[in-house]
1. Per 0.36 nm of contour for each residue apart, how much would the distance between Ser123 and Gln100 grow if the chain were fully extended, relative to their Cα-Cα spacing?
2. Roughly how many nanometres apart are two label points built 7 Å out from the Cα toward the Cβ at Ser107 and Ser84?
3. If R0 is 30 Å, what FRET efficiency do you get for Asp62 and Thr28 from their C-beta distance, rounded to 0.05?
4. Could you give log10 I(q)/I(0) at q = 0.13, 0.29 Å⁻¹ for region 61-124, computed by the Debye formula over C-alpha point scatterers of equal weight, without solvent?
5. Per 10 Å bin, what percent of the C-alpha pairs of the chain does each bin hold, from zero upward?
6. Could you state the accessible area per residue of the chain in Å², with a 1.4 Å probe and every protein chain left in place?
Amino acid sequence: QVQLVETGGGLVQAGGSLRLSCVVTGITITNYPMAWFRQAPGKEREFVAAVSSSGTVKYHADSVKGRFTISRDNAKNTVYLQMSSLNPEDTAVYYCAAVQSGGVYTSRRAYDYWGQGTQVTVSS
């Protein structure tokens, strides 16, 4: 059974930082591109960042570029999202996702496996 478990969310003041982790079990993520998405109340789930299976190719949404960084440690079967300069608009549930194919995608429909999410709340 494939499981993705996100941790690291919480309440932070504007301008602060958090690092999210996504530990994967049931598969070896070496051949899986990975991504982070987020969903704010009343809004659709949106793409945040994605990374290729090797870690060499990374995409970040324009809204987080320069503030968030996705990374992965295949030896630990873990993906990370380092978030800095947080603002209240970043408040959302953050989800980790994995896809079996070789590509790196920004569409949530491409992803095969999802975690349950971790809440990030940024106060002003």
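1. Values: separation 23, 0.36 × 23 = 8.28 nm, distance 3.64 nm.
The Ser123-Gln100 span can extend by a further 4.6 nm.
2. 3.4 nm
3. On the way: r = 32 Å, r/R0 = 1.06.
Here the calculated transfer efficiency is 0.40.
4. -0.42, -1.43
5. 15, 51, 30, 5
6. Numbers: 6170 Å² over 124 residues.
Heavy-atom accessible area per residue stands at 50 Å².
The values are calculated or read from the model by the stated rules, or taken from the named source; none is laboratory data. Everything numeric here is computed off the predicted structure, so don't read it as measured data. Cβ sites come from the backbone with ideal geometry, for glycine too, and all protein chains shown count toward neighbours. We work out accessible area using only protein heavy atoms, side chains counted, and drop any ligands, DNA or RNA first. Shrake-Rupley method; radii C 1.70, N 1.55, O 1.52, S 1.80 Å.
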